[in-house]
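Here's the structure, in structure tokens; my notes come after.
The values are calculated or read from the model by the stated rules, or taken from the named source; none is laboratory data. These numbers come from a predicted model, not from an experiment. Counting neighbours? That spans all protein chains shown, and the Cβs are built from the backbone with ideal geometry, glycine included. For the accessible areas, the whole protein counts, side chains as well, though only heavy atoms, and no ligand, DNA or RNA atoms are used. Shrake-Rupley method; radii C 1.70, N 1.55, O 1.52, S 1.80 Å.
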Amino acid sequence: MNGPTLRSITPVRNQIGRPISSFFGYKVIGYFNSQEEVTNSPAQQGKGLGRFRYEDVDGDGAITPNDRTYLGSPVPTFTGGINFGLQYKNWDFATYLNIVAGNKIFNLSKQFTDFFGTFEGSGKGIRALESWTPALGNNAKAPIWESASNISTNGAENSWYVEDGSYMRLQNVAIGYTLSNTTLSRLGISKARISVSGNNFWTLTKYQGLDPAVGGAADTNFGIDVGNYPVTPSYNLGLNLSF
């Protein structure tokens with residue numbers, strides 16, 4: 001069973017024996033870097049210089065929907081966290097590290113930012129500066145900069161969108177100092193604690209989107225990034241008084 005179609009792309013197929021919401025589409029083996037490659041490659045709708053070159057999975061000499069294959073799972077192989085705390089005299093320290101590993105993300109936001117032909121005139125991403133040219137070849141970050149739209153450009157689900165979704169995030173760090181002395185007692189205060197904390201301010205990941213913590217409905221769009229708003233960092237200064 002296929003998942004929903006998002007801007008002409010259907011990236012999910014649910015099938016017995018596969019992880020739920022697995023990504024499904026054409027496998028990109030590079031770009032067409034010469035007219036000779038275009039001429040000698042299997043038949044493919046819209047093939048041309050600088051466009052996606054797909055693997056002929058079934059070997060029939062033509063790129064058709066039957067060549068779509070599984071491209072990865074959004075389900076992590078490991079999720080966990082580390083809580084760590086220290087206390088020394090009047091000082092206290094606590095932190096929480098969140099870890100997610102082994103999952104893939106379908107970065108559909110690249111359809112908006114990396115193609116000229118999608119929302120022409122809108123702001124584009126940094127990868128657009130490294131779109132295909134003969135000099136870049138298969139090292140290009142995105143296909144050729146053009147208005148065309150077909151399965152060889154921005155019109156099909158493929159492995160170019162699939163990225164490593166593993167990440168490690170420092171979700172919380174807090175440092176505090178507790179005061180308890182005669183001066184406070186005269187003010188009617190038995191104890192005062194001053195603290196500084198930060199949340200979600202450091203993330204280690206290879207994912208190119210805004211935030212690797214991509215959710216979604218478990219059986220339809222889990223792990224699909226359509227431009228999700230990222231988790232924002234926050235910082236707090238606290239004062240706790242005991243009377």
Candidate set: segment 103-128, residues that are open to solvent by less than 40 Å² (accessible area, probe 1.4 Å) and within 18 Å of Met168 (Cβ to Cβ); chosen: the one nearest to the chain's Cα centre (by Cα)
Ile105
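Conditions (1) open to solvent by 40 Å² or more (accessible area, probe 1.4 Å); (2) among the β-branched types (Val, Ile, Thr); (3) touching a residue at least 12 places away in the same chain (Cβ under 8 Å), marked per residue:
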residue	(1), (2), (3)
Lys47	yes, no, yes
Phe52	no, no, yes
Pro65	yes, no, no
Arg68	yes, no, yes
Val75	yes, yes, yes
Thr79	yes, yes, yes
Leu86	yes, no, no
Lys89	yes, no, no
Tyr96	yes, no, yes
Members of segment 129-165 that are under 30 Å from Phe93 (Cα atoms) and open to solvent by 20 Å² or more (accessible area, probe 1.4 Å)
none
Show the residue pairs that are 6+ apart or on different chains and have beta-carbon atoms under 6 Å apart, the first residue being within segment 224-241 and closer than 12 Å to Val196 by Cα, the second being of a type in the set (Ser, Thr, Tyr).
Asn236/Ser197; Gly238/Ser195
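Conditions (1) under 19 Å from Gly81 (Cα atoms); (2) of a type in the set (A, V, I, L, M, F, W, C); (3) surrounded by 12 or more Cβ atoms within 10 Å (Cβ to Cβ), marked per residue:
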| residue | (1), (2), (3) |
| --- | --- |
| Tyr167 | yes, no, yes |
| Asn172 | yes, no, yes |
| Ile194 | no, yes, yes |
| Ser197 | yes, no, yes |
| Thr203 | yes, no, yes |
| Leu210 | no, yes, yes |
| Asp225 | no, no, yes |
| Pro233 | yes, no, yes |
| Asn240 | no, no, no |
Of the residues in segment 1-45, those that are more than 21 Å from the chain's Cα centre (by Cα), among the hydroxyl-bearing types (Ser, Thr, Tyr) and open to solvent by 30 Å² or more (accessible area, probe 1.4 Å) number 2
Can you tell me which residue within segment 13-60, out of those that are at pLDDT below 95 and β-branched (Val, Ile, Thr), is farthest from Leu136 (Cα to Cα)?
Ile16
Cβ pairs under 7 Å, 6+ apart or interchain, first in segment 138-150 and over 14 Å from Gly48 (Cα atoms) and touching a residue at least 60 places away in the same chain (Cβ under 8 Å), second hydrophobic (A, V, I, L, M, F, W, C) and surrounded by 17 or more Cβ atoms within 10 Å (Cβ to Cβ), ordered by first then second residue, are Ala140/Trp132
